[in-house]
1. Quick check on my filter: what residues within segment 19-52 are in contact (Cβ under 8 Å) with a residue 60 or more places away in the chain and in a helix (DSSP H, G or I)?
2. If you take the residues in segment 136-161 that are in contact (Cβ under 8 Å) with a residue 40 or more places away in the chain and either surrounded by fewer than 16 Cβ atoms within 10 Å (Cβ to Cβ) or part of a strand (DSSP E or B) (or both), which one is farthest from the chain's Cα centre (by Cα)?
3. Yes or no: residue 37 in contact with a strand residue (DSSP E or B) (Cβ under 6 Å, 6 or more places away or on another chain) and farther than 24 Å from residue 175 by Cα?
4. Between a first residue in segment 79-91 that is in a loop (DSSP other than H, G, I, E, B) and a second residue that is at pLDDT 95 or above, which pairs have beta carbons less than 7 Å apart while being 6 or more apart in sequence or on different chains?
5. Evaluate segment 162-176: report whether one residue or more is within 27 Å of residue 193 (Cα to Cα), modelled with pLDDT under 95, touching a strand residue (DSSP E or B) at 6+ places or on another chain (Cβ under 9 Å) and crowded, with 21+ Cβ neighbours inside 10 Å.
6. Going by the structure shown, is residue 97 more than 21 Å from residue 176 (Cα to Cα), touching a helix residue (DSSP H, G or I) at 6+ places or on another chain (Cβ under 9 Å) and modelled with pLDDT under 95?
7. Being more than 19 Å from residue 121 (Cα to Cα) and touching a strand residue (DSSP E or B) at 6+ places or on another chain (Cβ under 8 Å) is the filter here; which residues of segment 62-78 pass it?
8. Being at pLDDT below 90 and in contact with a helix residue (DSSP H, G or I) (Cβ under 6 Å, 6 or more places away or on another chain) is the filter; apply it to segment 38-60 and report the residue that is surrounded by the fewest Cβ atoms within 10 Å (Cβ to Cβ).
């Protein structure tokens, strides 16, 4: 399989686009995204798991653009909440929830719980004319009791990865990319491309 010149990322999330662009740049792969299409449609993430949502988005955008397409779905899975918010991480506090709304709901749900262990899990789906592939990355850690840091997005201010004493929101993007769930999944994808 030859390395593609361009890959389409099925996301309009500027943070995700910037993270992936940084990782793909050394390979000379041009990253396109939903932001490059004025008529971009929202793909309904209605699948019961991360794998299903990622594959649905990648397949849709591959058909629409003709480009090899990459999509991810990420969930924060908290042990004491039986894996919640999981597939509902982006809309944990409701359909129009902000990052702060979701974090605040999570902290409320965990109030008084001793076990605060959790993991971020990212599933990346890659679809071309000839194949459909899934790559997974997991980063274990714990949820702290109050927000710290102003980098990153989502649950980053309350997630401290195992072996660290800082939240994802306190780490530089380079540090975070080395250990993050998305970084792990994307590196598996890049190893596959190489």
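1. 19, 20, 22, 23, 24, 27, 50, 51
2. Initially, segment 136-161 is screened for residues in contact (Cβ under 8 Å) with a residue 40 or more places away in the chain, giving 136-139, 143, 147, 152-155, 157-159.
Still in the list and also either surrounded by fewer than 16 Cβ atoms within 10 Å (Cβ to Cβ) or part of a strand (DSSP E or B) (or both): 136-139, 143, 153, 159.
Numbers: 136: 10, 137: 9, 138: 10, 139: 11, 143: 17, 153: 10, 159: 14 Å.
Result: 143.
3. Values: in contact with a strand residue (DSSP E or B) (Cβ under 6 Å, 6 or more places away or on another chain): no; farther than 24 Å from residue 175 by Cα: yes.
Here the answer is no, as residue 37 does not meet what is asked.
4. 83/77; 84/78
5. Step one: of segment 162-176, the residues within 27 Å of residue 193 (Cα to Cα) are 172-176.
Among the residues that remain, those that are also modelled with pLDDT under 95 are: 172-176.
Subsequent filtering for residues that are touching a strand residue (DSSP E or B) at 6+ places or on another chain (Cβ under 9 Å) retains 176.
With the extra rule that they be crowded, with 21+ Cβ neighbours inside 10 Å, the set shrinks to 176.
Yes: one or more hits.
6. Values: more than 21 Å from residue 176 (Cα to Cα): yes; touching a helix residue (DSSP H, G or I) at 6+ places or on another chain (Cβ under 9 Å): yes; modelled with pLDDT under 95: yes.
Answer is yes for this residue.
7. In the first step, residues of segment 62-78 are kept if they are more than 19 Å from residue 121 (Cα to Cα); the result is 62-69.
Result: 62, 65, 67, 68, 69.
8. Just the residues of segment 38-60 that are at pLDDT below 90, to begin with: 38-45.
Those still in the list that are in contact with a helix residue (DSSP H, G or I) (Cβ under 6 Å, 6 or more places away or on another chain) too: 40, 43, 45.
Details: 40: 14, 43: 17, 45: 17.
Filtering first and then ranking leaves 40.
The values are calculated or read from the model by the stated rules, or taken from the named source; none is laboratory data. Here the structure is a predicted model, which is why all the values come from computation and not from measurement. With ideal geometry, Cβ positions are generated from the backbone for all residues, glycine too; neighbour counts draw on all protein chains shown.
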